[in-house]
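K.L.:
Please find one structure pasted underneath; my questions will follow.
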Amino acid sequence: MADKYLLGVDVGTYETKGVITNLKGEVLSTQVSPHEMLIPQQGWAEHDPEGVWWGDFVSVTKRLIESSGVNPKDILAVGCSAIGICVLPIDKDGLPLRKGGILYGVDTRATEEIAYLEKEIGTERIFDKAGMTLSSQAAAPKIMWLKNNEPEVYKKAHKFVTATTFIVGRLTGNYVIDHLTGSFVTPLYDFQARKWTDELTSEIVELDRLPELRWASEIAGTVTAEAAQQTGLLEGTPVTVGTADAAAEAVSVGVTNPGQMMLMYGSTIFIIEVLDKPIADERMWANPYLFEGTSALLAGMATSGSLTRWFRDQLAPDLVTAEENGGLNAYGAITEEASAILPGSEGLICLPYFSGERTPINDPKARGVYFGLTLAHSRAHMFKATLEGIGYGVRHHLDIMSDMGAFPDEVIAVGGGTKSPLWLQAVSDIGQISQKVPAVTLGASYGDAFLAGMGAGVFSDPTDINKWLTDSRMVNPDKAVAEIYSKYMDLYLELYKETKNLMHKVHELA
C-alpha cells in the first residue's frame, strides 16, 4: 500500500491548513489558506461558513491534489477538523440559515442564557451531569440565544452543527459530531453515559436537531458525487467523523497516553491532558477523548496568539510597515525588543482577558488589564508582560491540575507560538515545567490525516502516530527566576479578584 495516501484539512481561527501524506507519515504537499474572523459587534465572533469553512476546504483540497500529483483514487480516506465548539443553524439541504457561524468561547453573546440556565437548573446539577459548568465555551446557550434573538432562524433550522460537522455533512450528506466536541454542548451531553440528554432541560432544543454522536476516527460516510465534483476527491472516498482542531493537534504530536498533555500556543491557549479515568473540577472541562473508552481533561484560555496579534497591529504598526517594506518580521522585531526586559517586566502585570476568559475563571465579562505602568515602561515591557500574563494563565491551570491530582507527566508544546523562544521560556519559568517541542509540527491537519488512516484501517492503535514523529527539543525552566515569578503569580491572582467587580461594571457600560 506504499502508493496510497491520506488527506487531512483543518479550519482554524485565522487560516485553513491541509496536508497529504503517504502511509509512513511523509508529507507530499501542504497548503494554507488565510481567512478572517468576523467581529460583528463587541462580544461576538463568527466565520462565514460558505466562504471559510466549505470554501477553504474545497480550495485547499483541490490544491493539495494538484500540487502533490496524487491520483484521487489512491487517497484512502479524508479527515478534517475545525475550530471546535461552533453553532450554525442549517436547513434540510445543509444550507446555512445565517451569514455567520457562531464561534467557540471567544464569542460571549450568550451570557444572559448562561445565567438563566444556571438559575433554572442549578450549577451543581449541570456539573454533575455534564462534567463541567456552563461558560462561553458551551454551545447549548448559543443555540438558546438563537431561539431568543433570531426566532425565525431557530424555527427553520433542521440541525445545529459545528464547523467540522458542516464540512463532513457537505462531503457525505451525514451530520455527525465526535464525543469530545459533543461534550461541550452543555448541558445537553451526559458525560457519564456518553449520550445526548434532555434530563436537565428540554427548553433549549429537541435532541434530534443535534448531530449524531460518534467517535472521531469512525467513518462518517463517503464523498458524494456533488462533493467530488467540487473538491476533486473521488466519489466514494471514506471520510472520518473528525474533531475539534485542538484535539487533532494533540494527536498530531503523539498525545495519546494518560499523563501526556498538549499545550497549544494558537490563537488561544488550549490544554488537553489524557487521563486513565474521568476527573472533574468546576474550573476545568472533563471530557471523553477521541477514542472509545478514553477520558481527558481540557482547558482553554480566551486569548494568546490573538492577543499578540492585537498587540502587533495596535501597538507596533511601525514594525508591521517595516516588515511590509522588506524589514524584519514584526513579531521577531518586537520579541527582540522584549528579550532585554528582566523577568517580571519591572513591576508590570498583564491580565490577558481581552476576550473575557474561559478556564479557569470562566468569566465572559472579564477584561484585559496592564497593571503597574509607569513612565519608565516601554512598549517592550508591555510585550514581555503580555507573554508573561499568558504564562501566568497557564500556571493557574497547572496549579489546579496539581490540586486535582492530575499534574501532567509530560508537556508537549505545539502551535505558532512555539516559534518564539522568549514566550516558551517565560511559560517554562513561570510554570516551572519542561516543555517538549517537536522539531517539525504540521498541526491539526497532520492529526486529521492520521485519524483518516485509523478510519481506513491502516492503523489499529492511536499510539501508532509515534511512528510518524521525528526529533524534538526541550525547553527547561530556569530555577533562578522561580521565586521572582512566584511572587508575581500571587499578584496576578489577587489582581483579578480585586478588579472583577469593576470589570463587570465596565462590561455592562460598554
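The values are calculated or read from the model by the stated rules, or taken from the named source; none is laboratory data. What you see is a predicted model, and the numbers here were worked out from it, not measured in a lab. Here the Cβ is made from the backbone with ideal geometry for all residues, glycine too, and neighbour counts use every protein chain on show.
Here is a yes/no grid of residues against (1) of a type in the set (K, R); (2) surrounded by fewer than 24 Cβ atoms within 10 Å (Cβ to Cβ); (3) assigned by TED's automatic domain parsing to the domain that holds W53; (4) over 25 Å from the mean Cα position of the chain (by Cα):
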{"residue": "I219", "(1), (2), (3), (4)": "no, yes, yes, no"}
{"residue": "E235", "(1), (2), (3), (4)": "no, yes, yes, yes"}
{"residue": "A244", "(1), (2), (3), (4)": "no, no, yes, no"}
{"residue": "A248", "(1), (2), (3), (4)": "no, no, yes, no"}
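K.L.:
Do you know which residues across segment 131-147 are over 24 Å from F354 (Cα atoms) and at pLDDT below 95?
P.N.:
Of everything in segment 131-147, just one residue is over 24 Å from F354 (Cα atoms) and at pLDDT below 95, namely G131.
K.L.:
May I pose another question? Looking at I349, I341, which is the one that is of a type in the set (A, V, I, L, M) and out of contact with any His (no Cβ under 6 Å at 6 or more places or on another chain)?
P.N.:
Answer to the selection: I349.
K.L.:
Let me ask another. Quick one: would you say G232 is farther than 30 Å from P141 by Cα, out of contact with any strand residue (DSSP E or B) (no Cβ under 6 Å at 6 or more places or on another chain) and in contact (Cβ under 8 Å) with a residue 40 or more places away in the chain?
P.N.:
It is true that G232 is farther than 30 Å from P141 by Cα, out of contact with any strand residue (DSSP E or B) (no Cβ under 6 Å at 6 or more places or on another chain) and in contact (Cβ under 8 Å) with a residue 40 or more places away in the chain.
K.L.:
Being buried (at least 24 other Cβ atoms within 10 Å of the Cβ) and outside any helix (DSSP H, G or I) is the requirement here; does V185 meet it?
P.N.:
Yes; evaluated as a whole, the condition is true for this residue.
K.L.:
Could you list all residues from segment 56-86 that are among the polar types (S, T, N, Q), more than 18 Å from the chain's Cα centre (by Cα) and either buried (at least 17 other Cβ atoms within 10 Å of the Cβ) or more than 15 Å from L234 (Cα to Cα) (or both)?
P.N.:
Listed by number, the residues that qualify are S59, T61, S67, S68.
K.L.:
Would you mind finding the one in L298, L351, L328 that is touching a strand residue (DSSP E or B) at 6+ places or on another chain (Cβ under 7 Å) and either in the same structural domain as G389 (by TED's automatic domain parsing) or surrounded by fewer than 19 Cβ atoms within 10 Å (Cβ to Cβ) (or both)?
P.N.:
L351
K.L.:
Is it true that I204 is out of contact with any Leu (no Cβ under 9 Å at 6 or more places or on another chain), in the same structural domain as G131 (by TED's automatic domain parsing) and of a type in the set (A, V, I, L, M)?
P.N.:
No, not satisfied.
K.L.:
Next up: Go through (1) of a type outside the set (V, I, T); (2) at pLDDT below 95; (3) part of a loop (DSSP other than H, G, I, E, B); (4) touching a helix residue (DSSP H, G or I) at 6+ places or on another chain (Cβ under 6 Å) and name the single condition E235 misses.
P.N.:
Condition (2) is where E235 drops out.
Each row is one residue, and each column tells you yes or no for (1) touching a Phe, Trp or Tyr at 6+ places or on another chain (Cβ under 6 Å); (2) in a helix (DSSP H, G or I); (3) modelled with pLDDT of 95 or more; (4) aromatic (F, W, Y).
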| residue | (1), (2), (3), (4) |
| --- | --- |
| R283 | no, no, no, no |
| N287 | no, no, no, no |
| G293 | no, no, no, no |
| A302 | no, no, no, no |
| V320 | no, yes, yes, no |
| S345 | no, no, yes, no |
| C350 | yes, no, yes, no |
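K.L.:
Check L200, L180, L213 and return the single one that is buried (at least 16 other Cβ atoms within 10 Å of the Cβ), touching a residue at least 40 places away in the same chain (Cβ under 8 Å) and not in a loop (DSSP other than H, G, I, E, B). If you could, list the steps in order and put the result at the bottom.
P.N.:
Numbers: L200 fails: not in a loop (DSSP other than H, G, I, E, B); L213 fails: touching a residue at least 40 places away in the same chain (Cβ under 8 Å).
Answer to the check: L180.
K.L.:
Could you give me the residue pairs with C-beta distances under 9 Å whose first residue belongs to segment 305-323 and is not assigned by TED's automatic domain parsing to the domain that holds E388, whose second residue is modelled with pLDDT of 95 or more and surrounded by fewer than 16 Cβ atoms within 10 Å (Cβ to Cβ) wherever it lies, and which are 6+ apart or on separate chains?
P.N.:
Note: no pairs meet the criteria.
K.L.:
Is it the case, given these coordinates, that L134 is crowded, with 21+ Cβ neighbours inside 10 Å and in a helix (DSSP H, G or I)?
P.N.:
no
K.L.:
Limited to segment 1-28, what total is found for residues that are in contact (Cβ under 8 Å) with a residue 24 or more places away in the chain and either among the basic types (K, R) or surrounded by fewer than 18 Cβ atoms within 10 Å (Cβ to Cβ) (or both)?
P.N.:
8
K.L.:
Every residue in segment 304-317 that is part of a helix (DSSP H, G or I) and closer than 15 Å to A333 by Cβ, please.
P.N.:
Of everything in segment 304-317, those that are part of a helix (DSSP H, G or I) and closer than 15 Å to A333 by Cβ turn out to be T308, R309, F311, R312, D313, L315, P317.
K.L.:
Shifting gears a bit: Identify, please: which residue in segment 455-471 is surrounded by 10 or more Cβ atoms within 10 Å (Cβ to Cβ) and without any contact (Cβ under 8 Å) to a residue 60 or more places away in the chain and is, among those, farthest from I433 (Cα to Cα)?
P.N.:
Here the residue is G457.
K.L.:
Further question on the same structure: Residues in segment 29-54 that are surrounded by fewer than 16 Cβ atoms within 10 Å (Cβ to Cβ) and within 18 Å of V78 (Cα to Cα): how many?
P.N.:
1
K.L.:
Next up: What's the number of the only condition in (1) within 21 Å of P288 (Cβ to Cβ); (2) outside any loop (DSSP other than H, G, I, E, B); (3) of a type in the set (S, T, N, Q) that N148 fails to meet?
P.N.:
Just one mismatch for N148, condition (1).
K.L.:
Considering D363, D403, which residue is surrounded by fewer than 23 Cβ atoms within 10 Å (Cβ to Cβ), more than 19 Å from the chain's Cα centre (by Cα) and among the acidic types (D, E)?
P.N.:
Of D363, D403, the one residue that is surrounded by fewer than 23 Cβ atoms within 10 Å (Cβ to Cβ), more than 19 Å from the chain's Cα centre (by Cα) and among the acidic types (D, E) is D403.
K.L.:
Hey, among Y392, Y370, which residue is without any contact (Cβ under 8 Å) to a residue 40 or more places away in the chain and not in a loop (DSSP other than H, G, I, E, B)?
P.N.:
Every option except Y370 fails the conditions.
K.L.:
Test of understanding: among T164, T108, which residue is over 18 Å from H179 (Cα atoms), crowded, with 23+ Cβ neighbours inside 10 Å, in contact (Cβ under 8 Å) with a residue 24 or more places away in the chain and in contact with a Gly (Cβ under 6 Å, 6 or more places away or on another chain)?
P.N.:
Step by step, each of T164, T108 is checked, and only T108 is over 18 Å from H179 (Cα atoms), crowded, with 23+ Cβ neighbours inside 10 Å, in contact (Cβ under 8 Å) with a residue 24 or more places away in the chain and in contact with a Gly (Cβ under 6 Å, 6 or more places away or on another chain).
K.L.:
When G415 is evaluated against the numbered criteria (1) under 30 Å from A220 (Cβ atoms); (2) in contact with an Asp or Glu (Cβ under 9 Å, 6 or more places away or on another chain); (3) buried (at least 19 other Cβ atoms within 10 Å of the Cβ); (4) modelled with pLDDT of 95 or more, which criterion, by number, is the only one it fails?
P.N.:
(4)
K.L.:
Okay, moving on. In segment 71-99, which residues are in a loop (DSSP other than H, G, I, E, B), small (G, A, S) and either out of contact with any Asp or Glu (no Cβ under 7 Å at 6 or more places or on another chain) or more than 24 Å from A248 (Cα to Cα) (or both)?
P.N.:
G94
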